[in-house]
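Trainee: Here you go, one structure.
The values are calculated or read from the model by the stated rules, or taken from the named source; none is laboratory data. As the structure is a prediction and not an experimental result, all values here were calculated from the model. In this analysis, Cβ positions are derived from the backbone assuming ideal geometry, glycine residues included, and neighbour counts consider all displayed protein chains.
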Amino acid sequence: MMRFWRLAALTVAIGLAFGGAPMAAVSASASSSPSPAQVAAEISPAVDQVVTKFSATVLVPLPEVRQAAFDALAHRLIREQEDGQLGTSLQAFGEQFAHAQAANPNKYWAPGTVESVNAQLDALCTGWFITPTGYMISAAHCVDKNDPSIAAALVESVLPPFISEFKQAAASGLRQAGVPMNQQINNDLRSMETKWFHSNTQIMDMQRSPVTPTCPPCRWAVVPTRRSVTTSMWTDFPAP
């Protein structure tokens, strides 16, 4: 008997330490909403992959040279060559010319004509059905069109051709000026274009399609009664 009371006192002490008061036992049927522990225990038969389709309009500006900044950079590098601060070769000039632009691309390039591109993205995630009415638990970035990672992925799907085209144009300009190209110059040109396009591209009209499970009718658990059913009701899921 003494041992029982000691264990009871220890339980109360732990409850006070973690919650301020001992927790009363509540049956599953007495609660209208299942606890996280109940959900975790019940949803394992209900795992499914879900696809959410996102779309948006990506506004991509084309870079235009800021001529005054370009001229000032060229004159500074020429003076440094004359003063012995920089090697006298065209390659040394080209390396510093590309490096300065990579460090601050918006100083040398301004947004020009804007191209509008329709972008689409399929987000494939894991979800768990937890109610007979089709409610599902999934990660927020899988279904929330306002999640920054969705906008970033849509922009990333559009920009590579723009970055590649203008990187090649910049490299062609240096070659025409007689600058021998090397890996350092190429890397700086790509860095410049990547930074510039990401900092100047905008996204608008974000849309999200209904969440769609990928598997055929699946077995899933009903909380908290522990009975399972088979369903083919895969449409018209409640929006988060």
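Trainee: Quick test of your reading of the structure: ALA123 fulfils all but one of (1) touching a helix residue (DSSP H, G or I) at 6+ places or on another chain (Cβ under 7 Å); (2) closer than 22 Å to GLU193 by Cβ. Name the failing condition by number.
Mentor: Among (1) touching a helix residue (DSSP H, G or I) at 6+ places or on another chain (Cβ under 7 Å); (2) closer than 22 Å to GLU193 by Cβ, the lone unmet condition for ALA123 is (2).
Trainee: If you go through the stretch 191-199 one residue at a time, do you hit one that is without any contact (Cβ under 8 Å) to a residue 40 or more places away in the chain and more than 18 Å from GLU115 (Cβ to Cβ)?
Mentor: For the stretch 191-199, residues without any contact (Cβ under 8 Å) to a residue 40 or more places away in the chain and more than 18 Å from GLU115 (Cβ to Cβ): absent.
Trainee: Another one. Restricting attention to the stretch 66-100, which residues are farther than 14 Å from ALA177 by Cβ and within 33 Å of the chain's Cα centre (by Cα)?
Mentor: ARG66, HIS99, ALA100
Trainee: Give all pairs with beta carbons closer than 6 Å in which a residue from the stretch 76-105 that is over 13 Å from ARG190 (Cα atoms) meets a residue that is in a loop (DSSP other than H, G, I, E, B); count only pairs at least 6 apart in sequence or on separate chains.
Mentor: Pairs that qualify, where the first residue is over 13 Å from ARG190 (Cα atoms) and the partner is in a loop (DSSP other than H, G, I, E, B), are GLU80/LEU86; GLN81/THR88; LEU90/GLY178; LEU90/VAL179; GLN91/PRO180; ALA92/LEU86; GLY94/VAL179.
Trainee: Counting just the residues of the stretch 105-131 that are of a type outside the set (Lys, Arg), outside any strand (DSSP E or B) and more than 24 Å from the chain's Cα centre (by Cα), which one comes out farthest from THR52 (Cα to Cα)?
Mentor: The qualifying residue farthest from THR52 (Cα to Cα) is TYR108.
Trainee: From the residues in the stretch 72-128 that are of a type in the set (A, V, I, L, M), under 24 Å from ALA56 (Cα atoms) and touching a Ser or Thr at 6+ places or on another chain (Cβ under 9 Å), which one is surrounded by the fewest Cβ atoms within 10 Å (Cβ to Cβ)?
Mentor: By that ranking, first place goes to LEU124.
Trainee: Report yes if some residue within the stretch 22-35 is modelled with pLDDT of 50 or more and either within 30 Å of ALA151 (Cα to Cα) or acidic (Asp, Glu) (or both); otherwise report no.
Mentor: No - not one qualifying residue is present in the stretch 22-35.
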